[in-house]
Amino acid sequence: MGSDLLDAFRMERVRTILTYTSPYPHEHSRHAIIAVAVGCLFFISSDNMHTLVDKLDKNVKWWSMYIVWIFVAALYHLPSFQSMGVDLRMNLSLFLTIYVSSILFLLVFHIIFYGLWYIGIVSRVAGRRPEILTILQNCAVLSVACCVFYSHCGNLAITRHKLPKRRNTGWFPMRKNGEGNTWIAKFLRMNELKDQVCSSWFAPVGSASDYPLLSKWVIYGELGCKGSECVGSSDEISPIYSLWATFIGLYIANYVVERSTGWALTHPLSVQEYEELKKEQMKPDFLDMVPWYSGTSADLFKTVFDLLVSVTVFVGRFDMRMMQAAMNNVQDGAEGDTIYDHFSEKEDIWFDFMADTGDGGNSSYTVARLLAQPSICLTSGDSVLSLPRGNFLLIGGDLAYPNPSAFTYEKRLFRPFEYALQPPPWHMPEHIAAHKPELPRGVAELKQYDGPQCFVIPGNHDWFDGLHTFMRHICHKSWLGGWFMPQKKSYFALQLPKRWWVFGLDLALHNDIDVYQFKFFAELIKEKVGENDSVIIITHEPNWLLDWYWNDVSGKNVSHLICDYLKGRCKLRVAGDLHHYMRHSYVPSDGPVYAQHLLVNGCGGAFLHPTHVFSNFKKYHGTTYETKAAYPSIEDSTRIALGNILKFRKKNWQFDFIGGIIYFVLSFSMFPQCKLDHILQADTFSSHLTSFFVTVWNSFSGALVLLAAAIAFVPSKTSRRKRAIIGILHVLSHLAAALILMLLLEVGVETCIRHKLLATSGYHTLYQWYRTVESEHFPDPTGLRARIEKWTFGLYPACIKYLMSAFDVPEVMAVTRSNICKNGLKSLSRGGAIIYYASVFLYFWVFSTPVVSLIFGSYLYICINWLHLHFDEAFSSLRIANYKAFTRFHITKDGDLEVFTLAVDKVPKEWKLDSLWDAEPKLPQQLSHRRRFPSKWSASSPQQDPLNTVKIVDQFVIRQTEESDFVASNGSVIH
C-alpha cells in the first residue's frame, strides 16, 4: 500500500518540478508573484465590486479587463511559473491569435449576413444589429476556452492506429487483476485520467483525407509519436482548430436561426417564465446619485460650462426676473401671475415643504411617495397623529442635478413624482401650457379645484442655464405628477387662511432678490399684508447659516424687506440648499426679532450635508438663536464623515481617472531614473530604505513648485496663514506619494532588467517566440498561413505582431527605458517617447489611484471633522441617499401654525409594484389624488417601506399674531 501511494504521488516528478532549474533568480520572481497576487486582491477589494456584481456596470467591466491585462502581461515574464512547468507565453500568444482570428471571421460573417438581409434574401424577422461589445465578449470567451483546452490536452494529432487501447476494467475498482493498486492510488493518478479524457472525449474529428474540401483550410496537430515512429507529416486535424471551428459554427447557427426565422417570436415563453420575466421587468428605472467626483461625466463638464456662462452672461447682463417683471403689467390684470389667494377662505389648511430633490431616484421617490399619501399616521408620545396630505406643495429649489436640462428634469424630477402620484389621464408631457392655469376638466375656477397643487422657486442649479429649463418645465407646464401647477413666474405670493402669507423669493445666483422683485413684495406688504398678519418667507439659500459660516453678508434686499417692511411679521424663514434639517428658534429678548424661527430642510432627495459644522450658529441680524433640532444629529453627522477614509474610492471610483492623471503629471518628468545602483546594491534592508528615501527627497524638492496652486483649494473662510499651511501639507502628501510610487515602479523595472526578465529581445519578444514554436505545435503543410498573409497583403500577421507587442507592455517599457539610459531621451523619436510614457502611465495609473483616493479622502475627513472646512466637498463625495425629510404645516382654525418635520433614516434601494395600487380599480377619468393608494411602487421589503419607517424628528407651534403682540413687537411680549 505504501509503495503504491508513493508511486501514485510520483514524488520524484514532484521534486523535479519544484527544483529550481531556470537560469533566472528564483527568489525575486517568487516575491514578485506574491506581490502581484496581493496587489490584485487589494485593487479588487478596494474597487467598486458591488457594482460589477449587481449592475454589471460597463465602466467597471472595462476596468477589470484593464487590470487583468496589465497584470497578466507582467506576470508571464516571471520565471517561477516556468520552473514549475507552466509556460504562460504559449497561452497568451495563442489567446491573442485566436482572438483576432475570431473577430475577423465574425465580422466578415455579420457583413455578409446583413448584406443578404438588406437585399431581402434573409428574412427580416428580429433584425436588430448585434453590439460590437457582444462580439468581442464572445470572441474572448471562445479564445479562453481554446487556451484552457490547449493547457490540459495540448495539440497532439493522435493517429487512428495509435489510439490508446481500451481497458477491460473500470477506473474505480477496489482491486485490479490482483495488483496491489487501490482506487485511492488510481484517484491520485490524475494525469492518467486527464489523458483518457483528452484522448476519448476530445479526440480529433478526423484527418484531412476525410474532408478533402477542407484539406487546405485547416490547421494540423503536432505528431504524437517520437523518433523513427514518425513517418511524414500528420494529416490529422488540429484539436484546437476543431474546437474553434465548432464554437464558431455554433455561434453562426444560433445567430442565423434567431435572426432569420424569428426564434424568439415563434417560441414564446411559458406562463411561469413570462410571469417571472414580468416581475423582473416591473421595477422603476431610477437614476443613481450624481457622481460629483467623476472625471468622465459629461453632465459635470456641462454644469461647469453652464455655470461660467450664467455668471458672466445672465447675472448682471440678462436676468430672467427682469423679463418677468416687464411682463407683469398690473393694469392688464396680470396680478394673478404672482399673487394667489384661492386658499384664503378655507377654515384650515395643510401644506408641505421640500427642497433639493432630483438627485438619486430612490431618495427622491421616497419623499414623493410620502407626500402623495392621502394621510400619514404617526405616533407622537402617547397619541396617534393623522397628518393629511397638503393642499399644496412648496418646493424650495434645485429641482434636478447636476444641471438643468430636459433630460435631468424628466428623469430626476418628473419621473419620481409621476410614480408617486400620476398625472391625469389626459395629460400630455409635451404639451405647453400657453394660458395658465389650465384647469382640470369640470373645474370652473382655481378655487374649486380640490386636488394638491404645487408652487416652486428656483435654486442655484436651476439658474445654471439662465432659468431657461425652469421656465419651460415649471412655468409653462401644468402638472408635476399629480400636483397641479398654476404658477406663471419664478416667484410668487400665497394668501392663506387666518391672515397667513407665504412669500416665495427667487434669489438667482447672487443670493438676493432683484430690485423689481423687491418692489413687488414691498408694494404687496404695504397694500395687502395687514399689521396682524404673519408671513412665511421661502428662499433657496439659508443666508443666516451661510453668512455665519463664510463670515459674509448676503441677501441685503431680503433683509431690508424683512426688517424694514415686515417689521416683526416674519414668523418663519424656510430654505433648502443645505441638505439636512436644522431649526434655530429665537431667544426672547427686549430687542426686535428678525424672524422667530429659522428652518433649513434640504432633505428632498439630494446627497446629505453635515449638521455638526453649523452647530455653533448663535446670532443673526441682532437676534439671538438657539439650535432646537438637527437631523441627522450632531453625533451622527460627525460619525458619517469618517466614511471619507473608508469609502471615498468605493463611492467615487470614477475619480481614479483624474487622480491617476494628476499623479502622473506630477512625476512623469522624473522617468526614467537610470541611476539606482545605490539602492539596489545596498547590503542591508535599512541601507535599502535609507537610499530609497534619499532619492525620493532629491526628486521631491525639485517638483514642489508644481503644486503651489493647490493652496487655492482650501476654503477662503480661514486666514491666509492657515490656508497656506493646510494647502502645503495636502500638496506635500500627494507629491510625496506620487514620487514614492514613481521610484517603486522604477526600482521594480530596473530589478527585472538586471535579472534578464525584461529587455531581452526587443519590442516583439512574444511574437518572435511564438513564431519559433508555431510550426512545431501547429503544423501547416498546406501553407494556409502563407495564403492568408498573401490574401490580406500582410495585414493579418502584422496585426498579430503589433497586438502581441501592445499586450507586452512591460517589455516595451523596459526596452525603451534601456535605450534612454544608454543614449539619452533625445535619441528617441517623438512616437517612441509617446509610447514609452504611455506604457509607464498604464502601470503607474493603477498603482496611484488607490493612494490618491486614500489621501484625498483622509484630507476631507480631517478638514470636515477637525477644521469644519469643505462641508460640501466632504459630503458630496459620500453620495448618501439616506436621512430624507420634508416639513408639513397646518394652519388651524384658531390661526396657529403647527409644524411637523417627517423623516426617513434609510432609503430603500429595491422597489416592487405595489399590489394595493395595482388591485385598486382605475376609473377612466379618475384623478390620482382621489385614490386610496396613489403610488405605483413600494419597497421590496415591507420593513423598509417609507410608510412604515417615517417618523417625526421635529414638532413645534407658531402662535397667530394678536394685536397686542404686534404692538409689542419691539418689546418682549412676542410669542
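The values are calculated or read from the model by the stated rules, or taken from the named source; none is laboratory data. Only a predicted model underlies this, so the values are computations on that prediction, with no experimental measurement involved. FYI the Cβ positions are ideal-geometry reconstructions off the backbone, even for glycines, and counts take in every protein chain you see. Just so you know, the surface numbers come from the protein's heavy atoms only, side chains and all, with ligands and any DNA or RNA stripped out. Shrake-Rupley method; radii C 1.70, N 1.55, O 1.52, S 1.80 Å.
Modelled spin labels at L385 and D288, positioned 7 Å past Cα toward Cβ, are 3.7 nm from each other. So which trypsin sites (Lys or Arg not before Pro) in region 397-471 pass both tests, a DSSP loop state and at most 11 other Cβ atoms within 10 Å of the Cβ? Listed in order of number, the matching sites are R441. In order along region 810-817, the phi-based Karplus estimate (6.51 cos²θ - 1.76 cosθ + 1.60, θ = phi - 60°) of 3J(HN,Hα) comes to x, 5, 4, 5, 5, 5, 5, 4 Hz; Gly and Pro are listed as x.
Using the Cβ-Cβ distance between K826 and A145 with R0 set to 51 Å, the FRET efficiency works out to roughly 0.60. Looking at this model, which pairs from K447/K488; K519/K618; K498/K571; K436/K498; K346/K447 are more than 19 angstrom apart at the alpha-carbon? As for pairs spanning more than 19 Å Cα to Cα, those are K519/K618; K436/K498.
Spin-label model, Q768/K619: points 7 Å from Cα along the beta carbon direction are separated by 8.1 nm. Full extension of the chain between A433 and K756 gives 108.7 nm of extra length, using 0.36 nm per residue less the Cα-Cα distance.
Roughly how large, in nm² to one decimal, is the mean projection of the convex hull of the alpha-carbon atoms in region 750-849? Present the calculation step by step, with values, prior to reporting the outcome.
Numbers: hull surface 34.5 nm².
Quarter of the Cα hull surface area: 8.6 nm².
Tally Lys and Arg at +1 and Asp and Glu at -1 over the other residues with C-beta under 9 Å from the C-beta of V957: what net charge comes out? Combined, the nearby Lys, Arg, Asp and Glu give -1. Taking Cβ atoms as reference points and 14 Å as the exclusive limit, the residues near F841 contribute a net charge of -1, counting Lys and Arg as +1 and Asp and Glu as -1.
Neighbours of D905, meaning other residues whose beta-carbon lies under 11 angstrom from its beta-carbon, give a summed charge of +2 when Lys and Arg score +1 and Asp and Glu score -1.
A Förster distance of 35 Å, applied to the separation of the beta-carbon atoms of N551 and K906, puts the FRET efficiency at 0.45.
Compute the relative contact order of region 833-975 as a whole-number percentage, counting only Cα pairs closer than 8 Å that sit 6 or more residues apart in sequence.
Values: 142 pairs, mean separation 29.3, N = 143.
Relative contact order comes out at 20 percent.
Amide H to amide H, with H built 1.01 Å from N, N391 comes under 5 Å of W350, F351, counting only residues 5 or more places away or on other chains. Rounded to 0.05, the FRET efficiency of the L378 and R785 pair, given R0 = 60 Å and the Cβ-Cβ distance, is 0.15. Proximity of backbone amide H atoms, modeled 1.01 Å from N, is registered between Y625 and V587, K619, Y620 at under 5 Å, excluding neighbours fewer than 5 places apart on the same chain. With N the number of residues in region 456-498, Rg(Cα) / (2.2 N^0.38 Å) evaluates to 1.27. Rolling a 1.4 angstrom probe over the protein heavy atoms with all chains in place gives region 529-688 an accessible area of 37 Å² per residue.
Keeping the other protein chains in place, figure out the carbon and sulfur percent of the accessible area of region 369-437, with a 1.4 Å probe.
57 percent
Taking 0.36 nm per residue of sequence separation and removing the Cα-Cα distance, the S941/A406 pair yields an extension gain of 189.3 nm.
Once you reduce region 804-873 and region 565-625 to the center of their Cα atoms, the two points are 47 Å from each other.
Taking 0.36 nm per residue of sequence separation and subtracting the Cα-Cα distance, how much length would be gained by fully extending the chain between D918 and I725, in nm to one decimal?
Here the segment from D918 to I725 would lengthen by 63.4 nm.
Beyond 19 Å, what share of the Cα-Cα pairs of region 486-634 is found? Please give it as a whole percent. The proportion of pairs with Cα distances above 19 Å equals 53 percent.
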